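The values are calculated or read from the model by the stated rules, or taken from the named source; none is laboratory data. Remember, it's a predicted structure, so these values are computed and weren't measured experimentally. Positions of Cβ are backbone-derived with ideal geometry, glycine not excepted, and every protein chain shown enters the neighbour counts.
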Amino acid sequence: MKYNKPNRINGAWAKASELGDVTEAKIVSETIAQESTFLNKDGSKKMQDVAKVQFKGRAEAMNVNLNKATLAGLIDAFGEESKDWQGHVLKVETEKMRVAGKAVTALYLIPDGYHKIDDEAGYAQIIKVGSEAEPVVQLDDEPEDMPPF
């Protein structure tokens, strides 16, 4: 049987709920897609996009799972290559929310000249200041033609 060495970023994970006083950060590694501990509806492992992030005022760089809004903002600002996302000063923004009924804190890393907004459907987007949000297509959403319960 052939085995492949897993491509993972090791080390401590940042807890967004503990970053309330942090305002700036820099990505200090390439971003790697790696398996999450969470499962998809079909039982397969979810994937997450992980990078090492150095938070201003903190001693060590920490692992961060970059959410879709952060990824989209980084791609728009710096391009599709994650190596090009490194070294830029990013604004740190946290937001308390509920996911499946559980209180969690989301973390957003926002490039200079960008800001976080909620689009018409209520999804977070990181867009260039002065531009308009693009509609977000969520594959997990129920189709509009589904009958109500």
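Values as computed for the structure displayed
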| quantity | calculated |
| --- | --- |
| Yes/no for Gly113 being touching a strand residue (DSSP E or B) at 6+ places or on another chain (Cβ under 7 Å) and more than 18 Å from Ser17 (Cβ to Cβ) | yes |
| Qualifying residues in the range 78-97 (those that are over 15 Å from the mean Cα position of the chain (by Cα) and in a helix (DSSP H, G or I)) - the one farthest from Ser131 (Cα to Cα) | Lys83 |
| Some residue of the range 109-120 being among the β-branched types (Val, Ile, Thr), touching a Lys or Arg at 6+ places or on another chain (Cβ under 6 Å) and modelled with pLDDT of 95 or more | yes |
| Failed item, numbered, when Asn67 is tested on (1) under 18 Å from the mean Cα position of the chain (by Cα); (2) of a type outside the set (A, V, I, L, M, F, W, C); (3) over 22 Å from Glu95 (Cα atoms) | (3) |
| Residue among Asp21, Asp49, Asp42 that alone is within 23 Å of Ile127 (Cβ to Cβ) and not hydrophobic (A, V, I, L, M, F, W, C) | Asp49 |
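Conditions (1) at pLDDT below 85; (2) touching a helix residue (DSSP H, G or I) at 6+ places or on another chain (Cβ under 8 Å); (3) closer than 14 Å to Val64 by Cβ; (4) surrounded by 10 or more Cβ atoms within 10 Å (Cβ to Cβ), marked per residue:
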| residue | (1), (2), (3), (4) |
| --- | --- |
| Met1 | yes, no, no, no |
| Trp13 | no, no, yes, yes |
| Ser17 | no, no, yes, yes |
| Thr23 | no, no, no, yes |
| Val28 | no, no, yes, yes |
| Thr31 | no, yes, yes, yes |
| Gln34 | no, no, yes, yes |
